[in-house]
Amino acid sequence: MTLGFAATPSPLGPDTKRVVGLSPQVLDRLMPMHLWLDPQGRVMQAGPTIAKMMGGAPALGTRLLDLVEIRSPANIADFTALIAQEGRRLSLALRSASHLPLRGVVSSLPGQGGALLDISLGLSFVRAVAEFDLNQGDFSPCDQTLELLYLYEANTSIAHLSRHLTERLRAARLAAEAQALTDELTGLANRRAMDLELARVLADETAHFALLHLDLDYFKQVNDTHGHAAGDHVLQQVGHILRADLRRGDLAARVGGDEFLIILRNCLSEDGLREVAKRLIAGIEAPVSFEGKLCKLSASIGISTTAGYGTRPTPDEMLADTDMALYRAKNAGRGRFAIHLPKRGDGTLGARDAEVYNAR
Amino acid sequence: MHGMINRALQGFLVAHYGERSWDEIRSIAGIPPEGFEAMLQYDEAQTLACFEAAVTVLHKHPNALLEDIGTYLVTNPALEPLRRLLRFGGPTFLDFLLSLEDLRDRGRLAIPDLDLPRIRVEELDPSSYRIRAQWSLPGIAPILLGGLRAMADDYGALALLRLDGMQPGEECLHVQLLDMTFAEGRQFVLGGVGA
């Protein structure tokens, strides 16, 4: 059986009547995924690869449309309708593997030769190669499917590497950011982080909070008598004490050698603030032992709250008021705290700008 | 030099000689602690410095080290994706050998700025071939020697390979095919990576 028939010999050049004869072996080699159909649309020959995809060569004489479902163009009900689509790109699938879309093209043959349907793997080639268990010998050397597979695998590996790089860069950036916002010695926030957070919570008019400015008492003595290592140690202890008192949304920062700023969210009542201040000072006054030596500290705290202002204060205003309150507390002795007093309704200050308390 | 190549060198040194040796080599060669990054470009001098430091620290002959690198690239389980890409070269070892002429273009298909060696394969007789390789760095022939020996094993082929002249600019290998189906070979299924 040979496909087509030989043309009468003619000189080289364009000749639409010239026809080649192809043996089944040649067809199999050039188009391993072809189906050769008789004029009634029954299979006369199936290429080795399409036969493998069908789970074995189809019985000769099987109707094409019993083996293959044409999806596009739509409404191809019989073989005549299919032949009318000659030369167009067809979307199709094997009825035995309808989840793997294929593409094809049909061409009618001269005389009673019938038609050839050539098929290739569609965009589902990766799955199709795996599911049909195809190997290199199943493709024509001219078929680029192998190169597509090669590219697919290469891309997968490279995308993996790119993702790793991106993840490493992100981790490095997060670490750098955390470092830029953290006080290395105590692990608390630093001045920059506090400034950012203070501006942020003040910008949110619904956020109410107290700002505490805490300054250690006798820190210089600890440093001078026991050395800087002891000083660092007590600062770390203060870090622990502050952290223990923080709730979600609160922030404590070391903003100077022995100075700390603390934002306490939704903590506005004088009673509540007095309690917190006393607890913090008591915690800091508990003697700390460092290499056998006892270090004794205390602390003074200045406090202001967002409730103490008629209009939303600026960060600088609030910082100045806690500063002032801290100054009043220090002036009254050590281990004291002072709460900034609101201005009167007419905007003028009362007799005192802060109420000083003894923590003991 | 593409980071992929430097990264392969680093991967080889760590896999074969451990992190401590790598740290020593890295420090002598002046490579930062995080090592090479596969997706970046590096100066060739850094690649050479790394290799020279490895030769010094490990007391190995340069060619022996290069050959081991070639073997590592094909056989290390962590580099299975690379072995698979190489197996796309063809269904038999001879097909693969002949496909080496496409290696450079195949590399570029995967990574456009990857600079792989330019390789010509000359048939001397149906069972002997000369492989001529040109690359920007010296030492490509010993790397290929190790890699091709491992690929012959991978295909289950029996082949004799030897260096066949190393001049600056071109390095050659001689390959004699003895038995294309000598052993079972390792599996290569096209659809093996899954979708």
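The values are calculated or read from the model by the stated rules, or taken from the named source; none is laboratory data. This one's a predicted model, so the numbers in the text were calculated from it and none came from an experiment. Every residue, glycine as well, gets a Cβ built from its backbone with ideal geometry; the counts of neighbours run over all protein chains shown. These accessible areas exclude ligands, DNA and RNA; they are computed on the full protein's heavy atoms, side chains included. Shrake-Rupley method; radii C 1.70, N 1.55, O 1.52, S 1.80 Å.
Quick notes on this structure:
- Between segment B:163-193 and segment A:186-242, the Cα center-to-center distance that results, in Å: 67 Å
- Averaging the Cα positions of each part gives two centres, and for segment B:109-148 and segment A:60-121 these lie 45 Å apart.
- Here segment B:96-195 was treated as a single set of alpha-carbon atoms; its pair distances binned every 5 Å from 0 give 3, 12, 20, 22, 19, 14, 7, 2, 0 percent.
- Accessible surface of residue A:147, taken over heavy atoms with a 1.4 Å probe and every protein chain present, rounds to 50 Å².
- Net dipole in debye of the protein assembly as shown [+1 Lys, Arg Cβ; -1 Asp, Glu Cβ; about Cα centre; nearest 20]: 1180 debye
- Furthest towards positive pole of dipole, A:357, A:105, B:168, structure part the protein assembly as shown, Cβ charges: A:357
- Cα-centre dipole for segment A:105-157 with unit charges at Cβ (Lys and Arg positive, Asp and Glu negative), debye to 20: 140 debye
- Taking θ as phi - 60° and the Karplus parameters 6.51, -1.76 and 1.60, the scalar couplings of segment A:142-152 work out to 7, 6, 8, 4, 5, 5, 4, 5, 4, 5, 4 Hz in sequence order, x denoting glycine and proline.
- The base-10 log of I(q)/I(0) for the protein assembly as shown, evaluated at q = 0.08, 0.09, 0.10 Å⁻¹, reads -0.78, -0.84, -0.90 [Debye formula, identical scatterers on Cα atoms, solvent excluded].
- For chain B, the C-alpha radius of gyration sits at 1.02 times the compact-globule guess of 2.2 N^0.38 Å, with N the residue count.
- Semi-axis lengths, largest first, of the ellipsoid equivalent to segment A:191-358 are 29, 17, 13 Å, with √(5λ) applied to each eigenvalue of the Cα gyration tensor.
- Proportion of all alpha-carbon pairs of segment B:3-60 beyond 16 Å (%): 30 percent
- Segment B:150-195: GluC sites (Glu not before Pro) in DSSP loop, at most 15 other beta carbons within 10 Å: B:184
- Annotated for the protein assembly as shown: lysine pairs at least 8 residues apart or interchain, Cα distance under 25 Å, count 9.
- Projecting the alpha carbon convex hull of segment A:83-236 along each direction and taking the average yields 21.5 nm².
- Heavy atoms of residue B:143 accessible to a 1.4 Å probe, total area in Å² rounded to 10: 30 Å²
- Over all orientations, segment A:32-141 has a Cα convex hull whose mean projected area works out to 6.5 square nanometres.
- When the Cα atoms of segment A:258-330 are aligned to their principal axes, the ranges along those axes come out at 52, 23, 19 Å in descending order.
- Average Cα contact separation per residue, chain B, under 8 Å, 6 or more apart, as relative contact order %: 17 percent
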